[in-house]
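Novice: First the structure, which I've put down as structure tokens, then a few questions once you've had a look.
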Amino acid sequence: MTTFAPIFVPAPLRDAVSDDAWLVALLDVERALAHAESLAGVVPAAAAAAIADCCAPELYDIAELCEQGRASGNPVEPLVRALRARAGDDAAPYVHFGTTTQDVLDSASMLVARRACELIDEQLAGLAAACARLTEEHRSTPLAARTLLQQAVATTFGAKTGGWLVAVVEAQARLTEVGFAAQLGGAAGTLASLGRQALEVLRLFARELELEEPVVPWHAHRGPVAELAAALDAVALACAKIGLDVVLLAQTEVGEVSEAAGGVSTAMPHKRNPMRAVCARACARLAHANAGVLTGGEHEHERAAGHWHAEWSALSDLLALSGGAANAARECLEGLEVDTARMRANMSGDLDAGDTGSAEAFADRALARYRETA
């Protein structure tokens, strides 16, 4: 995340994808591997215990590890060297035994993503509740529907917010269905160095991390990452739509909604900018760009040459920004002020404000969908 991250992303989510969070995840993977191999009889129990003792995050500087990792192209290689140096002569040979850098980074990425997605889910739950409240309150509030930015026919504000609600609910459901898979394949996806115990180690390793056990290693088959990226992109898209509609409805000439705590202007103190809606759109735009990195290419043979390396920062940013979009949209709607009189006054004389029965029915259907999942 950049210098500007606090403007867009709440602190708990920034922490969840921070450098320190990645370090903890990397060490959790190394600890889980040693323990799993110990349970499978591949690594002596004493060695696994010694390795676990070395996996305290405060013993390592992630910035220094990344600096040292320039030569190898990743932070795992210097981390493994540091672990071996601390583990002692007896345990050192069993550090990182049978695995490869990508196993550790991919499994760590799933740990980071799972924690961040829990926080994003909380934001989406709050956003859905705000959408549902508006939908219920304004089920029958007349509003001019606009197509191509021109007034079209009569609808209700509840029908509009009901559309937001269903998009959020469905994005949340999609995110909830994403699986987080462990990665363990060794040098070339065969776990050859673990011999006949390979599959048992894989099973125990996944169990230790509370991740799904994959059927085969996914080093060059990025389905788990692409699935996650697509779900997060859908979250961002649902939030961007809310942000855009609020920005349009809050224009001075329209004035049908406003944010309770609108943004101030340094040059024009009279302005009341819908900054939460704006931030939701900005986050979504950046989230979409990062999702493209994670879904935009196939990987060569058994290990990618560059595309995989581009995933790490993109995943952190996508998690943070999709969550930031949900947070901004939630805050926007929780304090949204709705001017029902202005909505009716803005309606063209050609529109029949009483002809909104179908719109009200759709608002009811949206609320029913929400209640099924809430």
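The values are calculated or read from the model by the stated rules, or taken from the named source; none is laboratory data. Note that the coordinates shown come from a computational prediction; the quantities given were computed from them, not determined experimentally. Glycine also receives a Cβ, built like all others from the backbone with ideal geometry; neighbour counts cover every protein chain displayed. Surface areas here come from the heavy atoms of the whole protein model, side chains and all, with no ligands, DNA or RNA. Shrake-Rupley method; radii C 1.70, N 1.55, O 1.52, S 1.80 Å.
Novice: Can you pull out the residues in region 162-171 that are under 15 Å from residue 129 (Cβ atoms) and out of contact with any strand residue (DSSP E or B) (no Cβ under 9 Å at 6 or more places or on another chain)?
Specialist: 164, 165, 166, 167, 168, 169, 171, listed by residue number.
Novice: Here is a further query. I'm told residue 141 meets every condition in (1) open to solvent by less than 10 Å² (accessible area, probe 1.4 Å); (2) over 32 Å from the mean Cα position of the chain (by Cα) except one. Can you identify the failing condition by its number?
Specialist: Here residue 141 meets the rest and fails (1).
Novice: Consider only pairs whose beta carbons are under 8 Å apart and that are at least six residues apart or on different chains; among these, list those whose first residue lies in region 169-195 and is touching a residue at least 40 places away in the same chain (Cβ under 8 Å) and in a loop (DSSP other than H, G, I, E, B) and whose second residue is open to solvent by 10 Å² or more (accessible area, probe 1.4 Å) and of a type in the set (Lys, Arg).
Specialist: 180/114; 188/303
Novice: Within region 161-183, does at least one residue satisfy the condition of being buried (at least 16 other Cβ atoms within 10 Å of the Cβ) and over 24 Å from the mean Cα position of the chain (by Cα)?
Specialist: Looking through region 161-183, none of the residues is buried (at least 16 other Cβ atoms within 10 Å of the Cβ) and over 24 Å from the mean Cα position of the chain (by Cα).
Novice: Out of (1) at pLDDT 95 or above; (2) part of a loop (DSSP other than H, G, I, E, B); (3) not basic (Lys, Arg), the odd one out for residue 24 is which?
Specialist: Residue 24 satisfies all of (1) at pLDDT 95 or above; (2) part of a loop (DSSP other than H, G, I, E, B); (3) not basic (Lys, Arg) except (2).
Novice: Hey, can you tell me all the residues within region 331-341 that are more than 17 Å from residue 252 (Cα to Cα) and open to solvent by 70 Å² or more (accessible area, probe 1.4 Å)?
Specialist: Taking region 331-341 first, the residues more than 17 Å from residue 252 (Cα to Cα) are 331-335.
Listed by number, the residues that qualify are 331, 334.
Novice: While we're here: Looking at residue 216, is it out of contact with any strand residue (DSSP E or B) (no Cβ under 6 Å at 6 or more places or on another chain), open to solvent by 40 Å² or more (accessible area, probe 1.4 Å), modelled with pLDDT of 95 or more and hydrophobic (A, V, I, L, M, F, W, C)?
Specialist: Working: out of contact with any strand residue (DSSP E or B) (no Cβ under 6 Å at 6 or more places or on another chain): yes; open to solvent by 40 Å² or more (accessible area, probe 1.4 Å): yes; modelled with pLDDT of 95 or more: yes; hydrophobic (A, V, I, L, M, F, W, C): yes.
Here the answer is yes, as residue 216 does meet what is asked.
Novice: Ok, one more. Out of (1) touching a helix residue (DSSP H, G or I) at 6+ places or on another chain (Cβ under 6 Å); (2) over 18 Å from residue 171 (Cα atoms); (3) of a type in the set (A, V, I, L, M, F, W, C); (4) open to solvent by 80 Å² or more (accessible area, probe 1.4 Å), the odd one out for residue 314 is which?
Specialist: (4) is the only condition that residue 314 fails.
Novice: While we're looking at this one, here's another question. Quick check on region 72-97: of everything there that is assigned to a helix (DSSP H, G or I) and not hydrophobic (A, V, I, L, M, F, W, C), which residue is surrounded by the most Cβ atoms within 10 Å (Cβ to Cβ)?
Specialist: Filtering first and then ranking leaves 94.
Novice: Give 252, 266 a once-over and let me know the one that is assigned to a loop (DSSP other than H, G, I, E, B), out of contact with any strand residue (DSSP E or B) (no Cβ under 9 Å at 6 or more places or on another chain), at pLDDT below 95 and within 21 Å of residue 157 (Cβ to Cβ).
Specialist: 252
Novice: Continuing with this model, one more query. Give the residue, chosen from 365, 344, that is touching a residue at least 24 places away in the same chain (Cβ under 8 Å), open to solvent by 80 Å² or more (accessible area, probe 1.4 Å), farther than 28 Å from residue 14 by Cβ and in contact with a Pro (Cβ under 8 Å, 6 or more places away or on another chain).
Specialist: Of the residues listed, the single one that is touching a residue at least 24 places away in the same chain (Cβ under 8 Å), open to solvent by 80 Å² or more (accessible area, probe 1.4 Å), farther than 28 Å from residue 14 by Cβ and in contact with a Pro (Cβ under 8 Å, 6 or more places away or on another chain) is 344.
Novice: Now a separate question. May I ask you to say which residue of 295, 373 is within 15 Å of residue 132 (Cα to Cα) and either hydroxyl-bearing (Ser, Thr, Tyr) or surrounded by fewer than 14 Cβ atoms within 10 Å (Cβ to Cβ) (or both)?
Specialist: Only one candidate qualifies: 373.
Novice: Can residue 177 be described as touching a Gly at 6+ places or on another chain (Cβ under 8 Å) and within 21 Å of residue 113 (Cα to Cα)? Let's see the steps before the verdict.
Specialist: On the way: touching a Gly at 6+ places or on another chain (Cβ under 8 Å): no; within 21 Å of residue 113 (Cα to Cα): yes.
Considered against the rule, which asks whether it is touching a Gly at 6+ places or on another chain (Cβ under 8 Å) and within 21 Å of residue 113 (Cα to Cα), residue 177 comes out as no.
Novice: Return the only residue of 329, 287, 314 being closer than 27 Å to residue 138 by Cβ, modelled with pLDDT of 95 or more and touching a Leu at 6+ places or on another chain (Cβ under 7 Å). Show your work before the answer.
Specialist: Numbers: 287 fails: closer than 27 Å to residue 138 by Cβ; 314 fails: closer than 27 Å to residue 138 by Cβ.
Only one candidate qualifies: 329.
Novice: If a residue has to be of a type in the set (A, V, I, L, M, F, W, C), open to solvent by 80 Å² or more (accessible area, probe 1.4 Å) and more than 33 Å from the chain's Cα centre (by Cα) to count, how many in region 348-362 make the cut?
Specialist: So the count comes out to 0.
Novice: Moving on to the next point. So residue 278 clears everything in (1) within 18 Å of the chain's Cα centre (by Cα); (2) at pLDDT 95 or above; (3) aliphatic (A, V, I, L, M); (4) open to solvent by 10 Å² or more (accessible area, probe 1.4 Å) except one condition, right? Which one?
Specialist: Of (1) within 18 Å of the chain's Cα centre (by Cα); (2) at pLDDT 95 or above; (3) aliphatic (A, V, I, L, M); (4) open to solvent by 10 Å² or more (accessible area, probe 1.4 Å), only one is false for residue 278: (1).
Novice: For region 22-71, what are the residues that are among the small types (Gly, Ala, Ser), surrounded by 16 or more Cβ atoms within 10 Å (Cβ to Cβ) and touching a residue at least 60 places away in the same chain (Cβ under 8 Å)? Break it down stepwise before answering.
Specialist: If we filter region 22-71 for residues that are among the small types (Gly, Ala, Ser), which is where we start, we get 25, 32, 34, 36, 38, 40-41, 45-50, 52, 56, 63, 69, 71.
Next, from what is left, pick out any that are surrounded by 16 or more Cβ atoms within 10 Å (Cβ to Cβ): 25, 32, 34, 36, 38, 40, 47-48, 50, 52, 69.
Residues satisfying the conditions are 25, 32, 34, 36, 40.
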